[in-house]
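**Student:** Sharing a structure with you now.
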Amino acid sequence: EATPPPAPVTTQGVTLDMVGGLTAIVAELRQIAVSFRHPEAMARWGARRPQGILMYGPPGTGKTMLSRALANEIGADFREIRTPEILDKWLGGSERNIKQIFRDARRYRVPTLMLFDEFDSIVSYAGAGGDAASQALNAVAGIFKQEMNDLIEENPNVIVVATTNFPHRVDESLIRSGRFDVKLSVPKPDEASRAEIFRKMIEGLVAAHERGGFRMFADDLDLAALGVASTGMTGADIKEVLRRVQMTKAMQDARTGGLVEPISQEELIAEVRNLRGSV
Ligand code: ATP
């Protein structure tokens, strides 16, 4: 019982500036960050800072990234609670795990963002059916709601972010209870957003790797054309395109002792087509 909670994970230097597209969401998260950094302004106006955020949308659209960036912006500890830490096949086991997690959370003395990934798999609504399995599922959702209520009453330092690819599976009473006062739909990026994601990721790579005379990317890249070519792709897919191109270049480099041209538009487009063909 006396085991200390696991140490917080870092936000890996992820910031809201690195997010491509999703302008309205980023603006809202910036406001939430201000509400944490300026409790005096919130108190003066009797404004309540949001402590529960639900993010929903397809995989790879940046929900985890946004959570990390928000924690960074607040200067909060980032604690990701993974589903296997909660779900337990024994009767009552999952409830016990949830209680323990929230008991720890009530003691956090510094701003802390708790991320519950795959939230639907923790608190899926099993319907009003009477069988034991669905009763057990609904019990887990009930405990979560109760614990989150208590936590928010007791500890203003904590912000709970839950993410899901399947919002309609999440127990509705939990969402309606008002504890998730911010609900954000995180869609797949449109053409302009994809171009911006390419730009931001490429800028990040350039900043991290171009030094001395070494050039990583050709300087005549057409980002708009990359946005067009990558129809249907998410940020995670774009990251994968870049990872593959980097790998190809590194292999060429290893063969030739560094005699490699910078990454060209054609190579990027080819890898986009390649990946689109495989997914
Ligand atoms: P899942 O639902 O599968 O957990 P997710 O929505 O949490 O997915 P992330 O894990 O945040 O997605 O995204 C994977 C990676 O893709 C991120 O680490 C980031 O590098 C990149 N990425 C996704 N969306 C964006 C975006 N809009 N701007 C910049 N990078 C992005």
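Just so you know, all these numbers are worked out from the coordinates, no wet-lab data involved. This structure is a prediction, so every number in the text was calculated from the model and none was measured. Please note: Cβ atoms are built from the backbone with ideal geometry, for glycine as well, and neighbour counts cover all protein chains shown.
**Student:** What is the Rg over Rh value, at two decimals, for segment 35-185, using alpha-carbon atoms and the Kirkwood definition of Rh? Before the final figure, lay out the partial values.
**Tutor:** Values: Rg = 15.4 Å, Rh = 15.9 Å.
Reported Rg/Rh, Kirkwood definition of Rh: 0.97.
**Student:** Jot down the per residue volume, in cubic angstrom and as a whole number, of the convex hull over the alpha-carbon atoms of segment 28-90. Mind dumping the intermediate values first?
**Tutor:** Details: hull volume 7.9 nm³, N = 63.
Looking at segment 28-90, the number lands at 126 Å³ per residue.
**Student:** Then there's this: Apply the Karplus parameterisation 6.51 cos²θ - 1.76 cosθ + 1.60, with θ equal to phi minus 60°, to every residue of segment 209-220 and state each ³J(HN,Hα) to the nearest whole Hz, in sequence, with x for glycine and proline.
**Tutor:** With coefficients 6.51, -1.76 and 1.60, one gets 10, 7, 8, x, x, 6, 10, 8, 10, 4, 8, 10 Hz.
**Student:** Here's something else I'd like to know. Tell me the chymotrypsin sites (Phe, Trp or Tyr not before Pro) within segment 172-222 that lie in a loop according to DSSP and have at most 10 other beta-carbon atoms within 10 Å. Working shown, then result.
**Tutor:** Working: sites: PHE180, PHE198, PHE214, PHE217; in loops: PHE180, PHE214.
Sites meeting the loop and neighbour criteria: PHE214.
**Student:** Expressed as an acute angle from 0 to 90° and rounded to the nearest 10, what is the orientation of the C-alpha long axis of helix 93-106 relative to the principal long axis of the chain?
**Tutor:** For helix 93-106, the angle is close to 80 degrees.
**Student:** Then there's this: Kirkwood hydrodynamic radius (Cα pairs, Å) of the chain? Could the numbers behind the result be given before it?
**Tutor:** Details: mean 1/r = 0.0477 Å⁻¹.
That comes to 21.0 Å for the chain.
**Student:** I would also like to ask the following. Quote the FRET efficiency, to the nearest 0.05, computed for ALA236 versus GLU210 with a Förster distance R0 of 22 Å and r equal to the Cβ-Cβ distance. Could the numbers behind the result be given before it?
**Tutor:** On the way: r = 24 Å, r/R0 = 1.09.
Rounded to the nearest 0.05, the efficiency is 0.35.
**Student:** What does the helix-only formula give at 222 nm for the chain: each DSSP H stretch with n ≥ 4 adding -39500 (n - 2.57), the total divided by the residues, and the result rounded to the nearest 500 deg cm²/dmol? The partial results should precede the final answer.
**Tutor:** Working: 12 runs with 146 residues, N = 279.
-16500 deg cm²/dmol, from helical runs alone.
**Student:** Given the peptides 67-74, 106-113, arrange them by the average over their residues of other C-beta atoms within 10 Å, most packed first. Before the final figure, lay out the partial values.
**Tutor:** On the way: 67-74: 24.1, 106-113: 15.4.
For the peptides 67-74, 106-113, the packing ranking is 67-74, 106-113.
**Student:** Please tell me the relative contact order of the chain in percent, rounded to the nearest whole number, where contacts are Cα pairs under 8 Å and at least six residues apart. Don't skip to the end; give the middle numbers.
**Tutor:** On the way: 407 pairs, mean separation 61.3, N = 279.
Relative contact order here is 22 percent.
**Student:** What are the lysines whose alpha-carbon lies under 25 Å from the alpha-carbon of LYS200, with same-chain residues fewer than 8 places away excluded?
**Tutor:** Cross-link targets: LYS63, LYS188, LYS239, LYS249.
**Student:** Return ARG37, ARG176 ranked ascending by Cβ neighbour count within 10 Å, so the fewest neighbours appear first.
**Tutor:** Result, fewest neighbours first: ARG176, ARG37.
**Student:** Net charge near ARG79: determine it from the other residues with C-beta under 13 Å of the C-beta of ARG79, scoring Lys and Arg +1 and Asp and Glu -1. Don't skip to the answer; put the middle values down first.
**Tutor:** Values: positive: ARG68, ARG82, ARG107; negative: ASP77, GLU80, GLU85, ASP104, ASP117.
Neighbourhood net charge equals -2.
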